[in-house]
Amino acid sequence: MPTTTRTVTWSGANARRIGRQGLATPVPASPTAVPDLAATMLGAHAQVLSAAELSLGLRIEGATRTDVRTALWQERSLVKTYGPRGTVHLLAAGDVPMWTGALSAVPGRVGQQGAGIRLTAEQTDAVVAAVGEALTGAQLTADELTEAVVARTGSWAGDLVMPAFQGMWPRWRQATHTAAHRGVLAFGPNRGRQVTYTNPGAAPMEEHAALTALVRRYLYAYGPATPQHFAKWLAAPRGWANDLFAELARSAVLEEVRFEGVGPAWVTAGDTEFPEPGDAARGVRLLPYFDAFGIASQPRELLFPGKASERALADGQAGNYPLLLVDGAVAGVWHQRRSGKRVAITVEPLGRLTAGQLEELERQALRIGGITEGHAELTVGTVTVGPHA
């Protein structure tokens, strides 16, 4: 293992992360700004698509939700699919081979379904092949895809055995994430209120090369970090992440540093320049639900100091509340409610804001109005809704 070369302060690491993600100064608008930003962030969480639109729009000068939708559905420079932690993300289309190669290599959890429900390895392979074939050049709803998979595999794939919401799903759907991680399934445009799926047509990168690329990109955006940080972000086994980082360190892909509040941690070899203490993050920012910065930045207790850990986390989990950032730390929560073109934004600071910070907050609210193509009205007061409301 390389010896420790330097100490990285929390303020330096935090300022570098904020700067690289367009949160200090939004990146200039350009034809590739949206997918480039999605690549830098390692995806925008899109279980609620409007949150992903805000995550990307806030980081690009003058961007709106239409720019994100255009990149996703018309230019196809973004792909909506299952990304890190098995959750829906907008990923840069050019990164899909890396993602599918890496996610396919992450050890899966065994036995999530009961013995009478669970797919065998052979059945999983058959379903994935059927999904890939059915979705090539097509956009199918879940029901249409079920018919296509059953026709190609057998009636067993359509057995209604999986409890889901208010009903039962067919057996094959437990392989949905696997199909996405093998690169044959992604989301298509909604057909009315119905979700559709399509085949993104991007062959996965070789597993080791994909994992190496993903670790390097993760450390560029969120380093320094430990294998445990990486494992938590990816929802991967800790032991597997330890082994991966050790191998990459032996190959001189990674370089060890001492990270304030953590101890030994890692950066990509040679990527050791950090802002000086006097260049700490400054300014006021509003981040939406499940924004990548709040999810991935560690150690969490430094990003969510004091009262923020109680108010802005839900059972220790980040992402369930939109975040107010003041000088690089979580300093409150906020909520928006839309009615027509009116976007009512309520911000609850955990401490007193200066006059200058209130002015910045007003500009952030107006920016959110611009991204959502509405008219923002700001109220500073108590947020009364619960997490992920």
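Of all residues in the range 299-332, those that are in a loop (DSSP other than H, G, I, E, B) and either over 15 Å from S11 (Cβ atoms) or in contact with a Ser or Thr (Cβ under 8 Å, 6 or more places away or on another chain) (or both) total 12. Restricting attention to the range 288-322, the residues being at positive phi and among the aliphatic types (A, V, I, L, M) number 0. Residues of the range 262-304 that are within 12 Å of Y222 (Cα to Cα), among the small types (G, A, S) and in contact with a helix residue (DSSP H, G or I) (Cβ under 6 Å, 6 or more places away or on another chain): A292, A296, S297.
Checked against (1) within 23 Å of T120 (Cα to Cα); (2) outside the structural domain of A92 (by TED's automatic domain parsing); (3) in a helix (DSSP H, G or I); (4) not β-branched (V, I, T), A213 passes all but condition (1).
Residues considered: A115, A134. Of these, the only one that is touching a strand residue (DSSP E or B) at 6+ places or on another chain (Cβ under 8 Å) and among the small types (G, A, S) is A134.
With respect to the conditions (1) farther than 23 Å from Y218 by Cα; (2) out of contact with any Phe, Trp or Tyr (no Cβ under 8 Å at 6 or more places or on another chain); (3) in a helix (DSSP H, G or I), A115 falls short on a single one, namely (3).
Every condition in (1) at positive phi; (2) assigned to a strand (DSSP E or B) holds for V161 except the one numbered (1). Taken as a whole, the structure leaves L287 outside the set of residues that are aliphatic (A, V, I, L, M), buried (at least 21 other Cβ atoms within 10 Å of the Cβ) and farther than 28 Å from P349 by Cα.
For the criterion of being more than 18 Å from S11 (Cβ to Cβ), more than 18 Å from the chain's Cα centre (by Cα) and at pLDDT 95 or above, A209 passes. Those helices (runs of 4 or more DSSP H) of the range 1-70 in which 1 or more residues are within 26 Å of N242 (Cβ to Cβ) occupy 10-20, 33-41. Could you say whether any residue in the range 191-208 is assigned to a helix (DSSP H, G or I) and surrounded by fewer than 20 Cβ atoms within 10 Å (Cβ to Cβ)? Looking through the range 191-208, at least one residue is assigned to a helix (DSSP H, G or I) and surrounded by fewer than 20 Cβ atoms within 10 Å (Cβ to Cβ). Might you let me know whether the range 249-269 holds any residue that is surrounded by 23 or more Cβ atoms within 10 Å (Cβ to Cβ), assigned to a loop (DSSP other than H, G, I, E, B) and either outside the structural domain of E53 (by TED's automatic domain parsing) or not acidic (D, E) (or both)? So far as the range 249-269 goes, no, none of its residues is surrounded by 23 or more Cβ atoms within 10 Å (Cβ to Cβ), assigned to a loop (DSSP other than H, G, I, E, B) and either outside the structural domain of E53 (by TED's automatic domain parsing) or not acidic (D, E) (or both). Contact map, the range 359-380: first residue buried (at least 21 other Cβ atoms within 10 Å of the Cβ), second residue of a type in the set (S, T, N, Q), Cβ cut-off under 6 Å, separation 6 or more or different chains; pairs are I371/T64. Scanning the range 65-86 turns up at least one residue that is farther than 22 Å from M205 by Cα, hydroxyl-bearing (S, T, Y) and at pLDDT 95 or above.
In the set R191, R182, R216, only one residue is closer than 25 Å to G94 by Cβ, touching a residue at least 40 places away in the same chain (Cβ under 8 Å) and in contact with a strand residue (DSSP E or B) (Cβ under 7 Å, 6 or more places away or on another chain); that residue is R216. Among the conditions (1) assigned to a loop (DSSP other than H, G, I, E, B); (2) within 24 Å of the chain's Cα centre (by Cα); (3) charged (D, E, K, R), the only one that R337 does not satisfy is (1). Please tell me if T66 is touching a Lys or Arg at 6+ places or on another chain (Cβ under 6 Å) and either within 30 Å of P264 (Cβ to Cβ) or assigned by TED's automatic domain parsing to the domain that holds L103 (or both). Answer is no for this residue. When each of Q123, Q139, Q113, Q174 is tested for being closer than 25 Å to V48 by Cβ, of a type outside the set (G, A, S) and surrounded by fewer than 19 Cβ atoms within 10 Å (Cβ to Cβ), the lone residue that passes is Q139. Restricting attention to the range 12-29, the residues being among the polar types (S, T, N, Q) and buried (at least 21 other Cβ atoms within 10 Å of the Cβ) number 2.
The values are calculated or read from the model by the stated rules, or taken from the named source; none is laboratory data. Note that the structure is a prediction, hence the values are computed from the model and not measured. In this analysis, Cβ positions are derived from the backbone assuming ideal geometry, glycine residues included, and neighbour counts consider all displayed protein chains.
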